[in-house]
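One structure below.
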Amino acid sequence: DRMNRLISDISNFSRTMSEIEIEDFKLINLNKFIENYKKNYLGNSRNINLKLCLDNKNLNIVVNEDKLFQVIINIIENSISFSENNSSILIKSENIDNQYACLKIYDQGPGISIEYKDKIFDRFYSDRKETNNKYSGLGLSISKEIIKSFNGSIELTKSDERDFTGACFLIKLPLRL
């Protein structure tokens, strides 16, 4: 089962990498994108709630919506897998100096040591203690490549939210005014 899952994940990774080269980019409002994500979010079996704190400014960016959606799903699913039942995930957006739209995704899980901030984006890296082998270690690597294709960046950062001391991912995308 693990081998089949790994082969499938590698195939998906290869397909995603080739799709990045021929992406259809369009101008979207990041806040509306996140609001739609939450509206369509079906929840999860662990009753983890999504909370939004969105900047009131227009955060227009040029991206491929499907690929950005894939990044958000990768991060949210990772957060859910590490979080306790009935906890929350916070998604914040903000305008930085009218240059970048920033998206921070926080969870209430155990967090990731900042010393692994680069390593977690390596292909096949995983420090999960689980023995079910459900995860291949490709999700964050794929997410980083997608965000790079938007001329943006993604990184693990220290949380600045008192109630969300787990993992915090920062995505920066160039604003289009």
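The values are calculated or read from the model by the stated rules, or taken from the named source; none is laboratory data. What you see is a predicted model; the values in this text were computed from it and never measured. A quick note on method: Cβ atoms are made from the backbone with ideal geometry, for glycine too, and the neighbour counts reach across all protein chains shown. Accessible surface areas use protein heavy atoms only, side chains included; no ligands, DNA or RNA. Shrake-Rupley method; radii C 1.70, N 1.55, O 1.52, S 1.80 Å.
The rows are residues; the columns are (1) surrounded by fewer than 21 Cβ atoms within 10 Å (Cβ to Cβ); (2) without any contact (Cβ under 8 Å) to a residue 12 or more places away in the chain.
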{"position": "Lys148", "(1), (2)": "yes, yes"}
{"position": "Glu155", "(1), (2)": "yes, no"}
{"position": "Lys158", "(1), (2)": "yes, no"}
{"position": "Asp163", "(1), (2)": "yes, no"}
{"position": "Phe169", "(1), (2)": "no, no"}
{"position": "Pro174", "(1), (2)": "yes, no"}
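Report, by residue number, each residue of region 14-41 that is at pLDDT below 85 and touching a helix residue (DSSP H, G or I) at 6+ places or on another chain (Cβ under 7 Å).
Selection gives Thr16, Met17, Ile20, Glu23.
Give region 105-121 a look and list any residue that's charged (D, E, K, R) and surrounded by fewer than 20 Cβ atoms within 10 Å (Cβ to Cβ), or say none.
Listed by number, the residues that qualify are Glu115, Lys117, Asp118, Lys119.
In region 83-102, is there at least one residue being at pLDDT below 90, open to solvent by 30 Å² or more (accessible area, probe 1.4 Å) and either of a type in the set (Val, Ile, Thr) or not in a strand (DSSP E or B) (or both)?
No, every residue in region 83-102 fails to be at pLDDT below 90, open to solvent by 30 Å² or more (accessible area, probe 1.4 Å) and either of a type in the set (Val, Ile, Thr) or not in a strand (DSSP E or B) (or both).
Could you give me the residue pairs with C-beta distances under 6 Å whose first residue belongs to region 34-58 and is under 22 Å from Glu94 (Cα atoms), whose second residue is open to solvent by less than 60 Å² (accessible area, probe 1.4 Å) and part of a loop (DSSP other than H, G, I, E, B) wherever it lies, and which are 6+ apart or on separate chains?
Taking only residues 6 or more apart or on different chains, the pairs are Leu50/Tyr41.
Being β-branched (Val, Ile, Thr) and either within 11 Å of the chain's Cα centre (by Cα) or not in a loop (DSSP other than H, G, I, E, B) (or both) is the filter here, so list the residues in region 148-177 that pass it.
Hits for region 148-177 are Ile154, Ile171.
I'd like to know if region 45-65 contains one or more residues that are part of a loop (DSSP other than H, G, I, E, B) and modelled with pLDDT under 85.
yes
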